[in-house]
Amino acid sequence: MKKILSAIALTIFLFSCNSNVKKRKFTLTGEIKSIANQKIYLEELFFIAKQPEVLDTGEIKNGIFIVSAIAKEEGLYRLRTADEMNSYLFINEDDEMKFTADVNKTESASRFFSGSANSSLKKLTMYTDSIGLLLSNKNSLLSEFTKARVSETDSIFIVTSNEFSALKDNFSAYCFSYADTSKSPIVSLFAATMAPVEISKYEMPLTNLVKRFPNHKGIAGALDYVKKQTTNKIQTPQQSNTTLAIGDMAPEITMNDVNDNSFSLNQMRGKYVLVDFWASWCAPCRDENPNVVAAYSQFKNKNFTVLGVSLDKNKEAWLNAIKEDELNWQHISDLKYWNSAAVGLYGFDGIPYNVLINPNGKIIAIGLRGNDLINKLAEVLK
């Protein structure tokens, strides 16, 4: 899946524990055309503050490989090549499975996993990728209007905003309908949680899925998570009167670092700094972290660094996430969750969120994600 969808949809909640189903081994035999000999990894996906878990490692020789794993129930898995250039999602629906692809063909139609559930998943992801791109483009346009301080009463702004809202509503309806009709519990869970809605809106669709698939622990776990998040709604961010724009000076932040020593943003003056607001419990943040790591690795020797500002409230979870995601830059937090001083200072109401500041402390970009972050850094760090 493209990273776009991570930014607009609830994380897919997948667990692999079912006391009513015996463990079962599945084997995947694959052929990837036009690829160099290398390792390939079979991973089980977890999106609740946990990185993908490698279950098996295979060798691609002349395009052919075999991998296998043990599963307790139907779940979502990924094949990932060692060169990090190719990855493929699939469902473990059969004991013996087949896969074919060609790295010289980028279109989704060229990738094939055997099985009806995988066929359904492919249809779903092809649609969500296309709609996700449209949503991202509309959202980017609205963001540009906001940065340019275009009035919300402007006719073009109103038309674009209405188009964005209609597209979201239609997309959500499609996702929930697909979830209700799919025979696969994982395709249903995948579809339901792709809808770009408030987290409380997932409760009813997931309740319906629990009734349809009463023995599937992954769906039950997703519903339980949504209920807990909805119950804790009072702890979500409050509306801030702060509105930052490109050209503003970045507000000063002073908090304790991982060693409980005070650290301030102004100590990084003289460098380009990505002030990255995140938390260990935020699945979209964890999903975005590899992009930040890639940007840091590419530009850290060009007068660029990152300041991680966490909205965690549990220090151990915060430190573990830093280690697990290999976030090798300066980190601070006041461990106050949404009551963090950073929320009021920067005026954001959702994470991940970031601002890029220049060596003088002035904001030059807001909300950079994925390739947008790399492209902006390449532009300013020539």
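Just so you know, all these numbers are worked out from the coordinates, no wet-lab data involved. For clarity, every value in this text was computed on a predicted model and none was experimentally measured. Note that we place each Cβ from the backbone using ideal geometry, even for glycine, and neighbour counts take in every protein chain shown.
The table for this structure:
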{"quantity": "Gain on full stretching of the segment that runs from LYS323 to GLN267 - 0.36 nm per residue minus C-alpha separation", "calculated": "17.8 nm"}
{"quantity": "Relative contact order (percent, whole number), the stretch 254-380, Cα cutoff 8 Å, 6+ residue spacing", "calculated": "33 percent"}
{"quantity": "Fully extended contour minus Cα-Cα distance, from LYS183 to GLU316, at 0.36 nm per residue", "calculated": "43.9 nm"}
{"quantity": "Cα-Cα over 25 Å, subset of LYS122/LYS217; LYS183/LYS228; LYS228/LYS315; LYS105/LYS323; LYS168/LYS315; LYS33/LYS123", "calculated": "LYS183/LYS228; LYS105/LYS323; LYS168/LYS315"}
{"quantity": "Computed FRET value (nearest 0.05) for SER200 with LYS61, which takes r as the C-beta separation and R₀ as 41 Å", "calculated": "0.25"}
{"quantity": "Relative contact order (%) - the stretch 117-234, alpha-carbon pairs under 8 angstrom, separation at least six", "calculated": "20 percent"}
{"quantity": "Degrees separating the helix 155-181 axis from the principal Cα axis of the chain, which is the longest one", "calculated": "30 degrees"}
{"quantity": "Only Lys, Arg (+1) and Asp, Glu (-1) charged, at Cβ; the stretch 275-358 dipole about Cα centre in debye", "calculated": "220 debye"}
{"quantity": "Projected label distance in nm at ILE158 and ASN137, using a 7 Å step from Cα toward the beta-carbon", "calculated": "2.4 nm"}
{"quantity": "Inter-site label distance for ASP224 and SER34 at 7 Å from Cα along Cβ, in nm", "calculated": "4.6 nm"}
{"quantity": "Value of relative contact order over the chain, rounded to a whole percent, pairs C-alpha under 8 Å and six or more apart", "calculated": "15 percent"}
